[in-house]
Amino acid sequence: METEHKRRVRYKGTHPRNFHEKYKEANPEKYADTIEKVIRKGCTPAGMHISIMVDEILEVLNIKPGEQGLDATLGYGGHTKAMLQKLEGNGHLYALDVDPIEIVKTKERLASMGYDESILTIRQINFADIDEIAKEAGKFDFVLADLGVSSMQIDNPDRGFSYKVDAPLDLRLDPEHGVSAAERLKELSEDDFIGMMIENADEPYAEEIAHVVMNKKRVGKPVMTTVDLKNAIEEALRRVPEKERKEAVKKSCARVFQALRIDVNSEFEVLYSFLEKLPDILNPGARVAILTFHSGEDRLVKKSFKELKKAGVYVEIAEDVIRPGAEECHRNPRARSTKLRYAVKA
């Protein structure tokens, strides 16, 4: 049966403004020239994710054909593809992701490149449950965990990850489970919200922001959207000198959204569980690489690796973090905060 051809959605003006009308963002792989132009300008093309520190990760993992590996955070699949190429068709890679929306797209993308279930197994589970995948797969020779939020999630306004577009304040990596950030704010006390912002993001204006947000809840106008939260932050920082205010609001928005995202997805608890279970799923000599994006994550990874090396579980760890180079940071500004640490099982 012949498939009916569907025209692209029409939009007003010369360029689409609505995310869902942006056909290039929906299928970025089809527009290589456009993507390269955007990257050369130091921007990330909307709708796709540029994998960070690929060469450094491959050097650390030292993947050999015939080995079995785990990508604990599949995302857009860029790291997964690079690791599969190193296997040269011999071995197997398991890949996990909790996001029910992006995992389908990535599975289709990798399948179109020839990576089917003979060499790649994808599961929708949280990487805190790596012991469950090990029951199915056995132990691994190499493991990667990229703890960053994918650009596709940030760019899609429906997901509520960005304060730049008005949308429901959600921030869940798996929107089918748990409570949204808006619902979480309804549950929190002012002191709890202050503590969350300080612990998860080192927010210097935590008290001022929490007071404004909670006052809105008290008068029956709770923060429900991304712009509601941005406006509340702007109101809280109105005493910051005018010439500094715009930049201060921008940085506080980034930190507060990060703090809420970490909370609603239990990211520290998930990472702690992953690090605790990690040694038991590794073969002797197995290599682990972990990318972190803020100080709280990095502290947990550093502490775990150090303690387990002292206990003789790891024979080698990264004594210092590995950072992306200047050229990569220019091509992909979202790489700037990245830290890479590694460990080798005894």
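The values are calculated or read from the model by the stated rules, or taken from the named source; none is laboratory data. Please read these numbers as outputs of a predicted model, since none were measured by experiment. Because the Cβ atoms are built from the backbone with ideal geometry, glycine has one as well, and the counts that use them run over all protein chains shown.
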| request: Please work out if Met224 is in contact with a Leu (Cβ under 8 Å, 6 or more places away or on another chain) and surrounded by 15 or more Cβ atoms within 10 Å (Cβ to Cβ). | output: yes
| query | Wholly within the stretch 53-157, which strands (runs of 3 or more DSSP E) include no fewer than the required count, namely at least 3 residues that are within 16 Å of Asp174 (Cβ to Cβ)? | reply | none
| query | Taking the stated definitions as given, is Lys251 within 20 Å of the chain's Cα centre (by Cα), without any contact (Cβ under 8 Å) to a residue 60 or more places away in the chain and more than 23 Å from Ile101 (Cβ to Cβ)? | reply | yes
| Name the pairs: first residue in the stretch 80-97 and at pLDDT 95 or above, second residue buried (at least 21 other Cβ atoms within 10 Å of the Cβ) and polar (S, T, N, Q), Cβ to Cβ under 6 Å, at least 6 apart or on different chains? | Ala95/Thr80
| field | Residue list for the stretch 227-236, restricted to those being free of Cβ contacts under 8 Å to residues at least 40 places away in the same chain and surrounded by fewer than 20 Cβ atoms within 10 Å (Cβ to Cβ) | value | Asn231, Glu234, Glu235
| Residue list for the stretch 206-250, restricted to those being part of a loop (DSSP other than H, G, I, E, B) and closer than 18 Å to Asp166 by Cα | Lys221, Pro222, Val223, Met224
| task | Pick out the one residue from Ser180, Ser162 that is among the small types (Gly, Ala, Ser) and at pLDDT below 90. | result | Ser162
